[in-house]
1. For region B:114-127, does any single residue satisfy the condition of being closer than 23 Å to A:Ala85 by Cα and among the hydroxyl-bearing types (Ser, Thr, Tyr)?
2. Which one of the conditions (1) surrounded by fewer than 16 Cβ atoms within 10 Å (Cβ to Cβ); (2) facing chain A (nearest Cβ under 9 Å); (3) more than 30 Å from A:Ile21 (Cα to Cα) does B:Tyr97 fail to meet, given that it meets all the rest?
3. Right, A:Ala79: under 28 Å from B:Pro112 (Cβ atoms), buried (at least 23 other Cβ atoms within 10 Å of the Cβ), within 10 Å of chain B (Cβ to nearest Cβ) and touching an Asp or Glu at 6+ places or on another chain (Cβ under 8 Å) or not?
4. Could you please let me know if A:Ile123 is in contact with an Asp or Glu (Cβ under 8 Å, 6 or more places away or on another chain) and within 7 Å of chain B (Cβ to nearest Cβ)?
5. Being within 14 Å of the chain's Cα centre (by Cα), part of a loop (DSSP other than H, G, I, E, B) and of a type in the set (A, V, I, L, M, F, W, C) is the filter; apply it to region A:43-67 and report the residue that is nearest to B:Pro112 (Cα to Cα).
6. Considering region B:125-178 alone, what residues qualify as being in contact (Cβ under 8 Å) with a residue 24 or more places away in the chain and of a type in the set (Ser, Thr, Tyr)?
7. Could you check region B:85-181 for helices (runs of 4 or more DSSP H) lying wholly inside it with 1 or more residues that are of a type in the set (Val, Ile, Thr)?
8. Please go through region A:98-109 and pick out each residue that is free of Cβ contacts under 8 Å to residues at least 60 places away in the same chain and either facing another protein chain (nearest Cβ under 7 Å) or farther than 20 Å from B:Cys167 by Cα (or both).
Amino acid sequence: MALRLSTDTRNKACDAQVDDIDAGSGAGTIQIRTGSQPTNVGDAASGTLLGTLTFSDPAFGASSTGTATASSITSDSSADASGTAGHARILDSDSNIVADCTCGQGSGDINFDDSTIVSEGTIAISSMTWTQPIS
Amino acid sequence: MANQSRAGGTFGHEIDEAKLARYKELAAGAPEEVRYYMNQLIEMVEVFKKTGPSKLPGTPNPATQNARTLDGRKIPQSLIVPLEEEEIRRIYDYVPYPKELDVISKVFDELPTGIRQTGEIEKIPLPPTPEKPNNFFPKPKTEVVDPKAKELRDAAFNLRWWAGQLCLDREPLTHQALWSQ
């Protein structure tokens, strides 16, 4: 039988992770970039920065059954560059990396209705959940 | 992070007659494969614009349901308006299939961006909170280093965005239309 976490432990773990996004004196961000995720989470940024979206502060509400739900995410209403969203990087306001994930259209960790981003256009993320799995 | 709910949307730009003419000029000077796909997509837009917008009712766009602007306002609620069946049939031969769109994206992704990140971080002010009276978010600064390259890439990807929307059988909801609501 695999190692399994209790709901209470999952909630604490999930809260600790999303609370990292709120570190610093400002709000955490999601950078949308072209190309694949870097090999390691802590590697230097890769791809072209297409846009930056901003979390609320705090970014997420309290976890329930191991899942936290993001509060409103501020759109980027003037994207920095044109390209295909390939991956995203989540940082705190001191630019420390918290996590990264894939982006796609109909797929990926962040699922855009259209992963094509146009410079000075709008990028919106309407919903985001963060889950600590049971095992 | 698989199997978790994270949804978003992107909004390109309106294409009027002047912009279409400029896109044709840019395509003429582009690398062969880029020129080929840009010309295809320009023709697609021209054919699409021969008829008026769909009269079908729209449904709330999930991409904008819970998003907001920098000053804390809710982003305008947008609707996804489906194309009429007759319109879908009319433009069918001009709209790329999803797999073709993937190929087009890969070709356009090879275009130089014309910009670079300066390495500086700009602190963009945000509404203060009780915990963060000097609230901000860090935005990496970028600068345009090759305006011509940037213009070509922006044109190519705007056309690609239009193709993506039409491939989804919906009226393209542009950045301009979104923010004019």
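What follows draws every value from the coordinates through simple rules; no lab data is involved. Just so we're clear, the structure is a prediction, and the values are computed from it rather than from any experiment. Cβ sites come from the backbone with ideal geometry, for glycine too, and all protein chains shown count toward neighbours.
1. Within region B:114-127, one or more residues are closer than 23 Å to A:Ala85 by Cα and among the hydroxyl-bearing types (Ser, Thr, Tyr).
2. (2)
3. Values: under 28 Å from B:Pro112 (Cβ atoms): yes; buried (at least 23 other Cβ atoms within 10 Å of the Cβ): yes; within 10 Å of chain B (Cβ to nearest Cβ): yes; touching an Asp or Glu at 6+ places or on another chain (Cβ under 8 Å): yes.
In short, yes.
4. Working: in contact with an Asp or Glu (Cβ under 8 Å, 6 or more places away or on another chain): yes; within 7 Å of chain B (Cβ to nearest Cβ): yes.
Considered against the rule, which asks whether it is in contact with an Asp or Glu (Cβ under 8 Å, 6 or more places away or on another chain) and within 7 Å of chain B (Cβ to nearest Cβ), A:Ile123 comes out as yes.
5. Looking at the filtered set, the residue picked out is A:Phe55.
6. Residues satisfying the conditions are B:Thr142, B:Thr174.
7. Values: elements: B:85-91, B:98-109, B:147-167, B:175-179.
Where helices (runs of 4 or more DSSP H) fall fully within region B:85-181 and carry at least 1 residues being of a type in the set (Val, Ile, Thr), they are B:85-91, B:98-109.
8. Here is the first cut: in region A:98-109, the ones free of Cβ contacts under 8 Å to residues at least 60 places away in the same chain are A:104-109.
Correct list: A:Asp109 only.
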